[in-house]
Ligand code: NAP
C-alpha cells in the first residue's frame with residue numbers, strides 16, 4: 001500500500017467503515033443514507049457475471065469466471081463454490097483479461113501459486129487438478145480481442161506449458177497495426193512456445209462463437225461453436241457473421257468469461273425518480289447520476305436521453321463505466337467523479353437534504369447498530385490485516401486471507 005494512500009485513510013476527513021451491508025438482501029436500503037449525508041457515491045462495481053443464454057448452460061461443470069476468480073481470491077461470498085477440476089480439457093469462453101487470468105491459474109504450477117496470496121483451499125484444490133489442456137476461445141479475431149499485452153505475455157511464460165494458437169488466415173501485416181495490436185500479433189505469431197519439459201497446453205482460438213453445450217448425466221462434455229468471419233477485419237469494432245460451419249470441442253469443464261454487469265441496490269430508486277441501471281451501469285454525466293428518458297420513435301442522442309441530474313448522487317468504478325479498463329483507468333475515472341462532486345459543491349448546487357437530528361456517521365452509526373450490524377472502523381480492519389500477514393508469514397506467503405466474516409470479526413478488537 002502506498003504511503004500517501006495510507007495517510008489519507010487516517011485523515012480526519014476520511015472515515016473507513018466496514019461490516020455494514022447496504023442495499024443487499026437483509027441489508028440497510030441505500031436511501032436511508034440520505035437522512036444522514038449530503039451526498040452518496042455509488043462505487044460498488046459490476047459483480048454479476050453475464051450469461052451466454054444458450055442451450056445447455058445449466059449443465060454441471062460450466063462455471064461463470066467471476067465465481068472462480070472470487071473463489072481463488074478469497075471473497076467470503078465465494079468460498080463455498082465448488083469446482084470439479086478432475087477432467088483434462090478446460091474451455092474458457094471469452095478473450096478478455098479475466099479469461100487469461102483463469103487460464104493462468106489453471107496452468108501455473110501450484111508451487112509457484114503457493115508464494116502468492118491465493119487462498120489455501122484453492123491451492124489445495126489446484127494441486128489435485130487434472131487439467132492438461134486449456135482452450136481460450138473468442139468469437140472475434142486477434143485485433144478484436146480485449147486482452148492486453150502484459151497479461152498475454154504472462155500466459156506465454158508459464159513454465160512447462162506449451163502455448164499455441166490458431167491464427168485466422170487473413171491476419172494483416174503487424175507493421176500496419178497500432179502499437180498494442182502489433183505487439184499482440186507478434187506475440188501470438190511466435191507460438192508455439194514449446195518448453196523443454198511438457199506438462200500442459202494452452203491454445204488460443206479465434207472466430208468461434210458458442211451456440212450450445214452438450215453433456216450427459218447432467219455434466220458438460222462438449223461445446224458446439226459456430227465458425228465466424230469478420231466483416232471488417234482491420235477494425236477493432238468489426239462485427240462478425242457465421243460461416244455456416246460449426247465444430248465441437250471436448251470440454252470436461254467450461255468457464256464463461258464474457259464480462260460482468262452491475263445490479264441495482266435496494267432503496268436506490270427512492271433516491272431519485274428514474275435512477276436505475278441501464279445496460280449494467282448507472283447513467284451519469286462525468287460521474288453525476290442522471291435520470292434517463294426515451295421517446296416512442298426515432299433516435300435519442302445520449303445527451304437528450306440524460307434528462308436531469310439527481311442532486312447529491314454520484315457514481316464511480318465499473319457501476320459508472322461498465323466493466324472495462326485496468327486499475328489505472330478506473331482510478332482516473334474516480335478522480336473525474338471527485339472533481340465533479342467538488343465543483344458542484346463549490347458552485348452551491350443542490351445536494352441531498354439530510355433530515356436526521358444527528359447527521360453524518362454519528363447519527364448513521366446508531367441506525368446501523370440498531371439494525372444489528374457491527375461496524376468495523378479502520379483500526380479494526382488493520383487488526384484483521386495484521387492477522388492475515390501473521391498467518392501468511394507462518395506458511396511463507398505474503399498473506400493468508402481470512403475468508404469467513406465471523407472469523408474476521410474475532411480479530412477486530414484484539
Ligand atoms: P472483457 O474484456 O469485456 O472481455 C469479454 C470477452 O467476452 C470479449 O472477448 C467478448 O467478445 C466476449 N463475449 C462477450 N459476450 C460474448 C458472447 N455472447 N459470446 C462469446 N463471447 C462473448 O471482460 P473481462 O475479461 O471480464 O474483463 C473486464 C475488465 O477487467 C477488462 O477491462 C479487463 O482488462 C479488466 N481486467 C484487467 C486485469 C488486469 O489488469 N490484469 C485482469 C482482469 C480483468 P467481444 O469483444 O466479441 O464482445
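The values are calculated or read from the model by the stated rules, or taken from the named source; none is laboratory data. Just so you know, these numbers come straight off a predicted model, no measurement behind them. Backbone-built Cβ (ideal geometry, glycine too); neighbour counts: all protein chains shown.
For residue 325, state whether it is free of Cβ contacts under 8 Å to residues at least 40 places away in the same chain, assigned to a loop (DSSP other than H, G, I, E, B), assigned by TED's automatic domain parsing to the domain that holds residue 291 and within 16 Å of the ligand (Cβ to nearest atom). Judged against the criteria, residue 325 is a match.
Beta carbons closer than 7 Å, at least 6 apart along the sequence or on distinct chains, pair a first residue in segment 84-101 that is under 20 Å from residue 225 (Cα atoms) with a second that is more than 6 Å from the ligand (Cβ to nearest atom) and part of a helix (DSSP H, G or I) for 90/106; 92/102; 92/103; 99/65; 100/152; 100/155. For segment 332-356, taking the residues that are surrounded by 13 or more Cβ atoms within 10 Å (Cβ to Cβ) and within 16 Å of the ligand (Cβ to nearest atom), the one that is nearest to residue 41 (Cα to Cα) is identified as 334.
For (1) in the same structural domain as residue 178 (by TED's automatic domain parsing); (2) modelled with pLDDT of 95 or more; (3) away from the ligand (no atom under 16 Å from the Cβ), each residue gets a yes or a no:
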site	(1), (2), (3)
78	yes, no, no
84	yes, yes, yes
125	yes, yes, yes
133	yes, yes, yes
136	yes, yes, no
146	yes, no, no
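Taking segment 223-241 on its own, how many of its residues are surrounded by 15 or more Cβ atoms within 10 Å (Cβ to Cβ) and in contact (Cβ under 8 Å) with a residue 24 or more places away in the chain? Residues that pass the stated criteria total 9. Summed over segment 168-190, the residues that are assigned to a loop (DSSP other than H, G, I, E, B) and more than 16 Å from the ligand (Cβ to nearest atom) give a count of 8. Could you list, in sequence order, all residues of segment 242-262 that are in contact (Cβ under 8 Å) with a residue 40 or more places away in the chain and more than 16 Å from the ligand (Cβ to nearest atom)? 250, 252, 253 - these are the residues of segment 242-262 that are in contact (Cβ under 8 Å) with a residue 40 or more places away in the chain and more than 16 Å from the ligand (Cβ to nearest atom).
Within segment 148-165, the only residue that satisfies the criterion of being more than 16 Å from the ligand (Cβ to nearest atom) and either part of a helix (DSSP H, G or I) or closer than 26 Å to residue 232 by Cα (or both) is 164. Note on segment 182-203: residues that are out of contact with any helix residue (DSSP H, G or I) (no Cβ under 7 Å at 6 or more places or on another chain) and within 20 Å of residue 228 (Cα to Cα) total 2.
Residues considered: 57, 88. Of these, the only one that is more than 16 Å from the ligand (Cβ to nearest atom), at pLDDT 95 or above and either farther than 24 Å from residue 337 by Cα or within 15 Å of the chain's Cα centre (by Cα) (or both) is 88. Scanning segment 210-222 for residues that are within 11 Å of the ligand (Cβ to nearest atom) and surrounded by 19 or more Cβ atoms within 10 Å (Cβ to Cβ) turns up just one, 210.
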